[in-house]
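The values are calculated or read from the model by the stated rules, or taken from the named source; none is laboratory data. In this text, all values refer to a predicted model and were calculated from it rather than measured experimentally. Glycine also receives a Cβ, built like all others from the backbone with ideal geometry; neighbour counts cover every protein chain displayed. These accessible areas exclude ligands, DNA and RNA; they are computed on the full protein's heavy atoms, side chains included. Shrake-Rupley method; radii C 1.70, N 1.55, O 1.52, S 1.80 Å.
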Amino acid sequence: VRVYQSNPNEQTTYGITVVDNAKATLILDNINQKTKHPSEIASNEIAPSAIKVGNNADLTILVKGENKINQVNAEVGPEVDAIGLGNASTIKIKTFEETEGKLTLTQGTQESQELQGIQGIEQKNVAYQKALIGVNQPSGDKATATLNVDSGVIAATSKDNAPAIGATKNSTLVLNINGGNVDAVSNGLGAAIGTPGSGQTGDDSSVTVN
């Protein structure tokens, strides 16, 4: 499946989901995605992740050109990941054919919103906890997933308590860097590659880098 935008200068909130047990190839061709901000999510809506890989799924991502994913929802839930891996899933990232390819992941400013009746909205700051790319399981679920980087450039910059590439509570990520360039940066307490920096979000989580 090839995913591209007619106008990559405008961000889209559409998500890509690979269902459980599926095997798929995804070509990212100059996309500009962001997860939905809480203010953009209807009360009966399940907001999509930018890319969500189901349990036991196998996804190959072919990167062409400049691709951007911005996570602007810090809520810790089953969705709204930048790139989230399910249990026993595998992602392979490499460039499309002989082209140059880059995938840039960032976390933007967001405020959690709590509706108070029809008239008032109270806003409060919520720290980012979830890995930009990695295993972010719902509470209580254990998961292990594999991320293989074969070629291209991955630039991931996290903030607050979130790791740029990694795993959160009860999860394990195996990261195999076989080629390409991985540039992971944390602007907060979370690891650049690893687990959250403090609190229970990082309990029983680990990352192995090969």
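Figures for the structure shown
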| quantity | calculated |
| --- | --- |
| Given charges at beta-carbon only (K, R positive; D, E negative), |dipole| of the chain in Debye | 260 debye |
| Along each principal axis, Cα extent of segment 1-106, largest first, Å | 44, 34, 20 |
| Accessible area of the chain divided out per residue, in Å², using a probe of 1.4 angstrom | 47 Å² |
| Contour minus Cα-Cα distance for residue 12 and residue 151 (0.36 nm per residue) | 47.5 nm |
| 1, 207, 149, reordered so the largest accessible area comes first (probe 1.4 Å) | 1, 207, 149 |
| Gain upon complete extension [residue 206, residue 30; 0.36 nm per residue less C-alpha separation] | 60.2 nm |
| Distance between modelled label sites at residue 23 and residue 141, nm, 7 Å Cα→Cβ extension | 2.3 nm |
| Under 5 Å, built H, 5+ apart or other chain: amide partners of residue 152 | 95, 180, 181 |
| Most fluctuating residue given options 44, 181, 67, as computed from a GNM of the chain linking Cα atoms under 10 Å | 44 |
| Most mobile listed residue (49, 158, 186) in the chain, GNM with C-alpha springs under 10 Å | 186 |
| Segment 154-210 shape via C-alpha gyration tensor axes, a/c threshold 1.5 | oblate |
| Where 36, 92 fall by accessible area, highest first, once all protein chains stay in place (1.4 Å) | 92, 36 |
| Lysine-lysine proximity count for the chain, Cα under 12 Å, sequence distance 8 or more or distinct chains | 9 |
| Dimensions (Å) - the chain, Cα atoms, principal axes, largest first | 54, 42, 33 |
| For residue 43, solvent-accessible area (1.4 Å; no DNA, RNA or ligand), Å² | 120 Å² |
| Among 20, 141, 58: highest mean-square fluctuation, GNM of the chain, C-alpha pairs under 10 Å | 141 |
